[in-house]
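All of the numbers you see were taken from the coordinates with simple rules; none came from a lab. Note that the coordinates shown come from a computational prediction; the quantities given were computed from them, not determined experimentally. Using ideal geometry, Cβ is built from the backbone for each residue, glycine included, and neighbour counts are taken over all protein chains shown.
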Amino acid sequence: MRRDTYDHVPHKYQVPHKGHLFLRSLINRQPVYGYSQFDSERAVADKIPTGRMIRAARGLLGMEQRDLASEAGVDRRTIARLEAETEPPSNPLRIWTYEQVRDVLKRRGIIFLYPTKSHGEGVTMKN
C-alpha cells in the first residue's frame, strides 16, 4: 500500500514541507514536535530499541520480517533497514516507525533491556 501523505503519522512526528519550521527551530533553539534537536541523542535512544534488539526480538518470537512489518503497518524493507541501522534515529518519522515496531513486539511479550552501568542491551520474553 503506497502512502503519499503522512496522514497516518501522529502530528508531533510530521516533518514540515522542506523543513522550514525545523530550520527555524534550530535558529531559535526551540523543540519541534516534542523533541528538541539539542536534547541528548542518548535520551531519545533509551526510548526506542536498536536494530540489533529488534532482530533479536524477532528471533525469540520466530517472526519473519514480513510478519512484523504487516503488524506494524510498514513495508518489509523498512524492517530490514531498521535492523541494519547502527546510529540512533533523529528523523521524527523514523522514530515513529521504531516506536510502532517496539509496540508490536511488546504486545507479543518482548521485554527490552536498555543498557545501564550493570548490563548491556538485550531482549527477553515474559514468562
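Residues whose amide H comes within less than 5 Å of that of Leu113, counting only those at least five positions distant or on another chain, are Gly122, Val123, Thr124 (H built at 1.01 Å from N in the peptide plane). Placing dummy labels 7 Å off each Cα toward the beta-carbon, the span from Leu113 to Arg77 is 3.6 nm.
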